[in-house]
Amino acid sequence: MKTESAGDQHLDHLFSSSAARMDRWRDLNAAAQAWAAGGRGGDSRGSGAPVREALAIVRPMESYFAYPGGRLLRLLDERIADDDARGAGRLILRISNALLSGSYRYEEGAWEDGEDDAADVPDRIPPGLRAEAARRPYFETLFVTPAPAARTAAMAGEIRELRRRDDNMIYEPVMVGNFEDALLAAVLNGKLEAVVIYDGIPVPSDQDVPLLREFLNVYQDLDTRNTAPRDVGLKLAQVIKGIRPELDIYLLTDRRVEELAGNPDAAMVRRVFYEVEEPMEVHLNVLEGVADRYATPYFDNLKRYATRPISTFHALPIARGKSIIKSNWIRDFGEFYGLNLFLAETSATTGGLDSMLEPTGNIKVAQEKFARAVGADHVFFVTNGTSTSNKMVYQAVTKPGDIVIVDRNCHKSHHYGMVLSGAQPLYVEAFPMTEYSMYGAVPLRTIKKALLDLKAEGRLDRVAMITLTNCTFDGHIYNTRRVMEECLAIKPDLIFLWDEAWFGFARWSPFLRPRTAMGAAQALQRWRDDPAALQAWEAQAQEFGEDLRPDDDRLLDRRLVPDPRAMRIRVYETDSVHKSMSSLRQGSIVAVRDEDYDHHVSAFREAVFIHASTSPNAQIIGSLDIARRQMELEGYELVMRAIEVALAIRREIARHPLISKYFSVLGADKMVPEEFRPSGFVDYLEPGANWMTAARALLEDEFCLDPTRLTLVCGTAGYDGTAFKNLLASKYNIQLNKTSRNSVLLQSNINNTRSDVALLIKVLLEIAEDIDGRLKAEGEAGQAAFAGKVRNLMEDVPNLPNFSRFHDGYREDPGSVTLEGNMRAAFFAAYDEAECEYLPLRSPSMDERLANGPALVSANFVIPYPPGFPIMVPGQIIDADTIEFMRKLDVKEIHGYNAARGLKLIKPDAIEEGGLAM
Ligand SMILES: *Cc1c(COP(=O)(O)O)cnc(C)c1O
């Protein structure tokens with residue numbers, strides 16, 4: 001499967017860099033083996049041209065990776081120059097195998113230039129030690145030095161000489177000589193963990209990198225044109241940190257190090273060294289920096305705990321596993337999970353195990369490390385999913401009577417969070433995607449309108465929080481920074497809760513990171529520190545006044561600027577670590593970046609006490625610690641691969657003549673209405689699209705599409721979403737999560753490889769062939785039936801009902817324009833069965849009530865899966881649209897709806913007009 005077309009050959013076409021590199025090596029290997037085979041026994045002179053060409057395509061990228069490195073590439077050049085077809089073929093095979101398998105990281109033989117046959121490699125390290133070396137984690141360190149190219153090979157050798165037997169990790173140096181090459185290495189090479197920059201490096205690369213230069217020029221803060229030559233190193237540190245914040249950066253200078261170390265612009269540098277200082281110091285620091293990310297304090301301690309001889313007299317019979325391993329009846333439990341699970345099970349908080357409820361030891365440190373990793377001030381571990389994380393945030397920062405502006409389509413934990421805290425939801429609507437029976441995201445204009453209406457009615461002070469789902473299930477990503485900026489212009493102390501249950505991985509993509517809550521909060525803070533911020537606000541104040549007038553409609557359509565002196569940055573992000581990283585199920589975090597967090601410290605502690613189990617699961621906590629370690633060390637590479645996999649799926653489906661006859665993956669143009677895409681971005685696969693156009697869309701557009709979420713339309717193949725999902729599961733063992741009436745959602749994650757792409761494509765092809773064959777066999781009648789089925793699925797789609805309103809009895813000011821309501825009062829009113837009634841969905845009495853009243857008032861949440869959001873909430877008036885939607889709904893799973901008895905309603909005479917507080 002080739003991933004490149006001819007136009008993508010530019011070195012800086014970075015969208016699929018690691019896959020592209022492997023493909024280039026595969027092509028080179030194919031050419032080399034053909035040459036070697038042709039040369040057997042005969043004269044092969046002249047047929048080496050394809051190998052030379054393929055090598056020329058491979059070569060430019062190779063200077064950014066340690067392996068195979070200059071020495072092996074020179075050897076290869078020599079063999080090709082000597083027309084040694086078989087020698088070249090053997091070497092290329094060895095290199096590409098080592099690259100594909102990753103064996104170069106622990107097999108010395110892969111680096112040898114003597115013989116190509118691994119068995120002939122002289123045994124330089126004794127077997128015992130080699131096993132140990134194999135266990136040592138491997139990484140690469142970038143050295144950016146102005147030294148002449150002739151010197152760098154010797155420098156790399158000197159760096160390798162610094163290795164000591166008891167180093168617990170091993171790294172290879174990658175040498176580059178200028179700003180642009182360093183940047184490319186940081187972008188392309190996912191194995192890099194540290195960067196050592198020498199002062200005095202030049203800017204331009206010798207390679208041809210037009211896209212990179214365009215990119216640097218578009219983002220002003222990356223532009224080096226106004227950087228003094230002596231500050232290029234520092235600039236490089238800043239830019240690399242912006243792309244990969246997890247990397248450790250060291251600066252070597254002959255300037256006064258104290259001065260540099262105190263320079264706020266150098267804050268991102270882990271350490272500044274005087275250039276002639278001991279190279280060993282640099283070496284040790286590089287190792288220590290990576291070891292710090294590697295360390296998982298809770299998990300490490302749990303492992304130690306499990307190996308200690310401990311007798312338990314607490315109430316956790318499975319701890320130590322004796323009653324399981326020795327059991328007559330449940331031994332398979334132990335055999336299946338292994339003894340370690342039971343050795344690591346404990347209810348103790350002594351022995352260094354720390355307490356989840358009030359951590360002071362390694363859980364606290366593990367949380368701090370997670371906070372560093374995601375760019376938060378605080379992180380709280382949660383062992384019962386983001387469902388609980390969300391409820392904790394509501395509990396901690398809202399109280400009865402507060403208003404929360406919230407997307408009605410958000411996860412049910414938000415609705416229940418408000419039932420618990422007593423905050424009143426003001427539901428705002430996402431744009432509908434009726435033809436696919438799903439919702440998009442909430443336009444900023446709608447949110448601003450809600451805020452301005454509340455201001456007009458004198459209730460703005462009651463608004464505590466805005467909650468949005470980023471990204472949505474289907475992949476709509478908000479412009480998080482812009483949403484916060486404009487809302488803060490209307491109310492400067494708003495709290496934002498971004499539900500990023502699906503989106504935790506985005507932190508490790510430089511493209512997606514600015515659109516995470518934490519990434520945007522950081523950008524907002526930087527913006528506020530810039531004097532230009534105040535100027536922008538003053539210009540706005542000139543035109544619209546210091547206090548924005550809520551009846552001024554112009555405010556809805558222009559970009560509002562908050563007062564940098566008044567605004568507070570109060571951002572909460574919840575992540576299901578288990579949904580996008582390597583945590584066990586239910587592992588979740590609350591990440592906090594709230595300047596006024598100290599207002600909530602005690603409330604937050606209460607929220608933890610209310611919601612956290614007193615028996616938290618040690619394995620989940622351990623896996624949160626591990627997930628953080630992985631992302632800080634290889635998240636960048638893994639996320640890049642997940643995106644590559646998704647793009648490969650899109651590409652293969654789009655270009656396969658038979659698959660694309662019945663299936664398609666929706667692009668940004670289908671998922672995001674044009675008005676929300678000012679950049680004009682159409683799709684990742686559009687001709688002419690490259691990472692630059694995608695980067696621009698991510699910067700400018702109101703909504704973007706997460707490339708890893710793929711809405712596959714199956715209605716055009718005659719399947720409704722559920723049927724297609726079942727077909728994939730039962731016949732092909734492919735599992736997926738979400739469906740709509742005519743689509744299913746596919747998703748790539750850090751666990752997927754290109755083989756998964758191949759499998760999926762094969763399955764889709766099989767299904768497409770099957771349909772095609774069937775239609776041919778069935779003739780005209782069958783085709784007409786198929787067309788009818790497709791039409792039914794694709795065109796006869798129910799209208800998506802908007803939130804109607806709360807019954808006046810649950811509104812404080814029934815005359816108000818904004819529709820927030822006391823959902824909690826309605827929720828508890830329904831506890832009294834005598835005050836409730838049931839009405840069958842399809843009954844004359846239902847039609848009669850809809851036509852002539854009294855109004856139908858929902859007693860509880862009604863949540864059909866799909867779509868998975870409540871189409872009714874307690875206290876809501878049920879209108880004809882909602883009933884029609886429910887009647888058309890062809891799903892079986894509807895939470896809160898009793899098909900035998902009908903809809904549960906609060907009796908009209910049980911509701912006190914004028915509202916009741918609770
Ligand atoms: C899954 C999900 C949740 C709940 O997370 P769990 O970890 O399953 O409890 C919350 N919000 C959204 C948007 C989700 O997709």
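Remarks
Per-residue answers, yes or no, for (1) modelled with pLDDT of 90 or more; (2) within 21 Å of Val419 (Cβ to Cβ); (3) in a strand (DSSP E or B); (4) not charged (D, E, K, R):
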{"site": "Met846", "(1), (2), (3), (4)": "yes, no, no, yes"}
{"site": "Pro874", "(1), (2), (3), (4)": "yes, yes, no, yes"}
{"site": "Ile883", "(1), (2), (3), (4)": "yes, no, no, yes"}
{"site": "Met886", "(1), (2), (3), (4)": "no, no, no, yes"}
{"site": "Asp890", "(1), (2), (3), (4)": "no, no, no, no"}
{"site": "Glu913", "(1), (2), (3), (4)": "no, no, no, no"}
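- Considering the conditions (1) more than 22 Å from Glu702 (Cβ to Cβ); (2) surrounded by fewer than 23 Cβ atoms within 10 Å (Cβ to Cβ); (3) small (Gly, Ala, Ser), Ala489 is excluded by exactly one of them, (1).
- Taking the numbered list (1) modelled with pLDDT of 95 or more; (2) within 29 Å of Ala376 (Cα to Cα); (3) not β-branched (Val, Ile, Thr) in turn, Tyr662 passes all entries but (2).
- Residue that is nearest to Ala523 (Cα to Cα), among those in the stretch 710-734 that are touching a Phe, Trp or Tyr at 6+ places or on another chain (Cβ under 8 Å) and buried (at least 20 other Cβ atoms within 10 Å of the Cβ): Thr711
- Qualifying residues in the stretch 596-618 (those that are touching a residue at least 12 places away in the same chain (Cβ under 8 Å) and acidic (Asp, Glu)) - the one farthest from the ligand (Cβ to nearest atom): Asp596
- Count - residues of the stretch 575-595 that are assigned to a loop (DSSP other than H, G, I, E, B), more than 10 Å from the ligand (Cβ to nearest atom) and of a type outside the set (S, T, N, Q): 3
- Close contacts from the stretch 402-426, counting a first residue that is more than 13 Å from Val873 (Cα to Cα) and of a type in the set (Asp, Glu) and a second that is in a helix (DSSP H, G or I) and away from the ligand (no atom under 11 Å from the Cβ), with Cβ to Cβ under 8 Å and a gap of 6+ residues or different chains, come to Asp402/Ser421; Asp402/Arg462.
- Some residue of the stretch 433-442 being away from the ligand (no atom under 16 Å from the Cβ), surrounded by fewer than 24 Cβ atoms within 10 Å (Cβ to Cβ), more than 18 Å from Arg824 (Cα to Cα) and at pLDDT 95 or above: no
- All conditions but one from (1) more than 20 Å from Ala697 (Cα to Cα); (2) within 16 Å of the ligand (Cβ to nearest atom) apply to Glu457; the one that does not is (2).
- Every residue from the stretch 820-836 that is buried (at least 18 other Cβ atoms within 10 Å of the Cβ) and not aromatic (Phe, Trp, Tyr): Glu820, Gly821, Asn822, Met823, Arg824, Ala825, Ala826, Ala829, Ala830
- Residue within the stretch 379-393 that is in contact (Cβ under 8 Å) with a residue 60 or more places away in the chain, more than 10 Å from the ligand (Cβ to nearest atom), under 19 Å from Arg628 (Cβ atoms) and among the aliphatic types (A, V, I, L, M) present: yes
- Search result, residues across the stretch 355-374 that are part of a loop (DSSP other than H, G, I, E, B) and closer than 27 Å to Gly417 by Cβ: Ser355, Met356, Leu357, Glu358, Pro359
- Only one of the numbered conditions (1) touching a strand residue (DSSP E or B) at 6+ places or on another chain (Cβ under 8 Å); (2) under 18 Å from Pro866 (Cα atoms) is violated by Leu705, and that is (2).
- Looking at the stretch 630-724, the helices (runs of 4 or more DSSP H) lying wholly inside it that each contain 2 or more residues that are under 30 Å from Val290 (Cβ atoms) and touching a residue at least 60 places away in the same chain (Cβ under 8 Å) sit at 691-700.
- Residues that are under 18 Å from the mean Cα position of the chain (by Cα), modelled with pLDDT of 90 or more and either part of a loop (DSSP other than H, G, I, E, B) or of a type in the set (A, V, I, L, M, F, W, C) (or both) do occur in the stretch 731-747.
- Hits in the stretch 358-378 - residues which are under 17 Å from the mean Cα position of the chain (by Cα) and buried (at least 21 other Cβ atoms within 10 Å of the Cβ): Phe370, Ala373, Val374, Ala376
- The residues in the stretch 848-872 that are within 30 Å of the chain's Cα centre (by Cα), crowded, with 16+ Cβ neighbours inside 10 Å and either of a type in the set (A, V, I, L, M, F, W, C) or in a strand (DSSP E or B) (or both) can be counted, and the count is 6.
- Residue ID - farthest from the ligand (Cβ to nearest atom), chosen from residues in the stretch 398-411 that are among the charged types (D, E, K, R) and farther than 17 Å from Asn470 by Cβ: Lys399
- Summed over the stretch 621-644, the residues that are crowded, with 23+ Cβ neighbours inside 10 Å, more than 14 Å from the chain's Cα centre (by Cα) and among the aliphatic types (A, V, I, L, M) give a count of 2.
- Within the stretch 539-574, considering residues that are part of a helix (DSSP H, G or I) and surrounded by 13 or more Cβ atoms within 10 Å (Cβ to Cβ), the one nearest to the ligand (Cβ to nearest atom): Leu556
- Filtered residue count, the stretch 496-523, keeping only those that are crowded, with 23+ Cβ neighbours inside 10 Å, of a type in the set (A, V, I, L, M) and either outside any helix (DSSP H, G or I) or away from the ligand (no atom under 16 Å from the Cβ) (or both): 5
- Test: residue in the stretch 783-799 that is modelled with pLDDT under 95 and surrounded by 19 or more Cβ atoms within 10 Å (Cβ to Cβ): yes
- Counting only helices (runs of 4 or more DSSP H) that sit wholly inside the stretch 375-489, those with at least 2 residues that are over 21 Å from Asp813 (Cα atoms) and small (Gly, Ala, Ser) are 385-397, 412-421.
- Taking the criterion of being surrounded by 14 or more Cβ atoms within 10 Å (Cβ to Cβ) and in contact (Cβ under 8 Å) with a residue 60 or more places away in the chain, the residues of the stretch 759-771 that qualify are Leu760, Ile761, Leu764, Leu765, Ile767, Ala768, Ile771.
- Output for the stretch 892-909, where each listed residue is farther than 14 Å from His807 by Cβ and loosely packed, with under 15 Cβ neighbours inside 10 Å: Lys892, Glu893, His895, Asn898, Ala899, Ala900, Arg901
- Selection status of Asp772, farther than 25 Å from Tyr439 by Cα, within 28 Å of the chain's Cα centre (by Cα) and of a type in the set (D, E, K, R): no
- Among the candidates Ser816, Ser845, residue that is exposed (fewer than 12 other Cβ atoms within 10 Å of the Cβ) and either more than 27 Å from Ser437 (Cα to Cα) or touching a strand residue (DSSP E or B) at 6+ places or on another chain (Cβ under 7 Å) (or both): Ser845
The values are calculated or read from the model by the stated rules, or taken from the named source; none is laboratory data. Only a predicted model underlies this, so the values are computations on that prediction, with no experimental measurement involved. Neighbour counts are summed over all protein chains in view; Cβ atoms, including those assigned to glycine, are modelled from backbone coordinates with ideal geometry.
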